[in-house]
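Below you'll find the structure, written out as structure tokens, and then a few comments.
The values are calculated or read from the model by the stated rules, or taken from the named source; none is laboratory data. These numbers were taken from a predicted model, which means no experiment stands behind them. Neighbour counts run over all protein chains shown; Cβ positions are idealised from the backbone, glycine included. Ligands, DNA and RNA are excluded from the accessible area calculation, which covers all protein heavy atoms including side chains. Shrake-Rupley method; radii C 1.70, N 1.55, O 1.52, S 1.80 Å.
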Amino acid sequence: MIRVREVRVIDDEGQQLGVLPTLEALALAQEKGLDLVEVAPAAIPPVCRILDYGQYKYELQKREREAKRKQKSQTFKEIRLRVKIDVNDLRTKTRRAGEFLDDGDRVKVTVQFRGREMSHANLGRDLLDRAAEMLTEHGVVERPPLLEGRNMFIVMAPPEKRVEKKNDKVDETDGAPAPTAANGETIGDALAAKGLVVEPEPMEQVHDAEDENAQGNSQAV
């Protein structure tokens, strides 16, 4: 409810109507079957718009959802590794990191050094490189390995554009079409025209050869 005596009014078409008594502004909104909504209550006098409050509320909620989505894409997730991590543990952790990246989160992959492990920082770098390689299908390295105290880490981010994988391979057993030459004829036709195709042996001869081999094998036994 608007409690001030006068407000600055913007109509439903975005036109400035100037400062009007609040009751007059309400009457204008009612004539159009719309609402008078405060959009800048802190202004002096407050700024009101004549609009459909239901539609206005929907647009606000839509903007809030969009803002939250963008904010989520900037959140950090972290997985922590040890220099002597087991292979299965590494796979489990990178699989989880891949899920974070697929959800739009940035991931900090950290290697923690203990005791004398600090003298072998190259092992940590190698481990981070390996983790990044395992995550290539899910994200890209945004920040290269950085040593910070007793930790070394990289930051990975989701790729801006995911390239759809297309499987162009055709199973030969499913009747794949023969490859064609540039003029439309098949490669087999082109080879046949040049006399380069060797005719296969008749099936009967192949069977006879197999029978002879079988007989020879049974005699040897």
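Side notes on the structure shown:
- Antiparallel bridge percentage (DSSP; both residues within region 30-135; nearest 5): 40 percent
- Simple label model, 7 Å out from Cα along Cβ direction - D129 to Q112, nm: 2.5 nm
- If you sort M152, M134, M1 by accessible surface, 1.4 Å probe, largest first, the order is M1, M134, M152.
- Accessible surface comparison of M118, M156, probe 1.4 Å, protein chains only, largest first: the order is M118, M156.
- F153 accessible area, 1.4 Å probe, all protein chains in place, Å² to nearest 10: 10 Å²
- Each label was represented as a point 7 Å from its Cα along the Cα-to-Cβ direction; for K68 and D52 these points are 2.4 nm apart.
- Of the accessible area of region 1-126, computed with a 1.4 Å probe over protein heavy atoms only, carbon and sulfur atoms account for 47 percent.
- Of the trypsin sites (Lys or Arg not before Pro) found in region 88-120, those in coil by DSSP whose Cβ has at most 11 other Cβ atoms within 10 Å are R114.
- Taking amide H positions as modeled 1.01 Å from N, with prolines and chain starts lacking one, the residues under 5 Å from E78 and 5 or more places away or on another chain are K108.
- In region 1-68, the trypsin sites (Lys or Arg not before Pro) that fall in loop regions by DSSP, at most 15 other Cβ within 10 Å: R3, R5, K32
- For a modelled paramagnetic label at E59, 7 Å from Cα along Cα-to-Cβ, the residues of region 25-42 in reach, with backbone nitrogen under 15 Å, are 34-40.
- Cross-link pairs beyond the 30 Å C-alpha cut-off, checked among K68/K108; K68/K93; K32/K68; K57/K108: K32/K68; K57/K108
- Sequence of I44, I50, I2 from largest to smallest accessible area, 1.4 Å probe: I44, I2, I50
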